[in-house]
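What follows is one structure encoded as structure tokens, with my remarks underneath.
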Amino acid sequence: MIQLIDGVAIGSIYGLIAMAIVLVFRATKVINVAQGEFAVLSTYFVWQMLQWGVNLYLAILIMLPVSFLLGMLVQRTIIRRTEGKEHLVSITVTIGMLLIINQAIGWVWSTDVRSFPSVFGDGNFVLAGVRVSAHTIGTIAVLLSTAALIHIFMVKTKLGLAMRSAAEHAQWSRLAGIPASSMFMVGWGFSLAVGALAGLLAAPTLFLEPNMLLGASLYAFAAAAIGGFDSLPGAVVGGITVGVIENLAGSYIEFIGSDLKIVVPLLLMFVVLLTRPSGLFGTREVNRV
């Protein structure tokens, strides 16, 4: 039971990163390879404010809008220049951003491993006879509540509908008076803010260091591919699925263990993509002749 709950908690972090990846892809059709490293950068911002004596919750409230503005700035100054070019160009640019941010973090804060406090404290609860940490329960709750809020925003608000319209039909949106470029910036802003939540939730268990989310980002890409790169519910389901399968396989399949458990979700991703290239919840493209 505890392995299942821990798998869901780990999968929630993958799901948050996957949702951030999906938000960027839906907004600009760019696969942001640097999503996890941006999340690490945001977590370091919070850690630095803690060293300055700022309260943890106040530091988070400051960091989230800063991450949002950083996402808008990145889209405006860098990603916008890749519009209309081959997908390989934008992917290469995000790989470059990953490497630059990773090295910059090490240069500014060093590569030392640092502890990071949990937003939910150090308490524990007993569920069905199993002791579960408050951090584990909180991580799952953050994933579900974030997914629900994003869904409501996308479906029920004018800004969310404008973002969806700009992503799906940029030229038609411009004719309707929707500033597509601004919507793309907002999409990047939301993606970095959502990704920052994953960094905050991962740091207490993985410990803070420049490479903290490199492995988690790989799992998150698998989750996004399994669920569908244009599906937010798919990112949630994919993240939890990957987390649970990875944790159970590493714990109960002897020849896999902790060394080979990464292979299991990747094999699942290959099977899903071979049978359904758009992912379990992704939208299939229809080519009309």
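Considering only residues of segment 1-58 that are among the aliphatic types (A, V, I, L, M) and free of Cβ contacts under 8 Å to residues at least 12 places away in the same chain, which is surrounded by the most Cβ atoms within 10 Å (Cβ to Cβ)? Looking at the filtered set, the residue picked out is 54.
Cβ-Cβ distances below 7 Å connect the following pairs, each with a first residue in segment 96-122 that is among the small types (Gly, Ala, Ser), a second residue that is surrounded by 14 or more Cβ atoms within 10 Å (Cβ to Cβ) and in a loop (DSSP other than H, G, I, E, B), and a separation of six or more residues or different chains: 106/210. Just one of the listed residues (227, 215, 257) is surrounded by fewer than 21 Cβ atoms within 10 Å (Cβ to Cβ), at pLDDT below 90, small (Gly, Ala, Ser) and farther than 28 Å from residue 110 by Cα, namely 257.
Among the residues of segment 183-235, just one is touching a Ser or Thr at 6+ places or on another chain (Cβ under 8 Å), of a type in the set (Phe, Trp, Tyr) and under 23 Å from residue 6 (Cβ atoms), namely 207. Evaluating residue 48 against the criteria (1) outside any helix (DSSP H, G or I); (2) modelled with pLDDT of 95 or more leaves one unmet condition, (1).
Residues in segment 68-111 that are of a type in the set (S, T, N, Q) and either in a loop (DSSP other than H, G, I, E, B) or open to solvent by 70 Å² or more (accessible area, probe 1.4 Å) (or both): 92, 103, 110, 111.
In the set (1) touching a Leu at 6+ places or on another chain (Cβ under 6 Å); (2) within 23 Å of residue 231 (Cα to Cα), residue 40 fails one condition alone, (2).
The values are calculated or read from the model by the stated rules, or taken from the named source; none is laboratory data. Here the structure is a predicted model, which means the values were calculated and not measured. All Cβ positions, even for glycine, are placed from backbone atoms using ideal geometry, and neighbour counts span all protein chains on display. Accessible surface areas use protein heavy atoms only, side chains included; no ligands, DNA or RNA. Shrake-Rupley method; radii C 1.70, N 1.55, O 1.52, S 1.80 Å.
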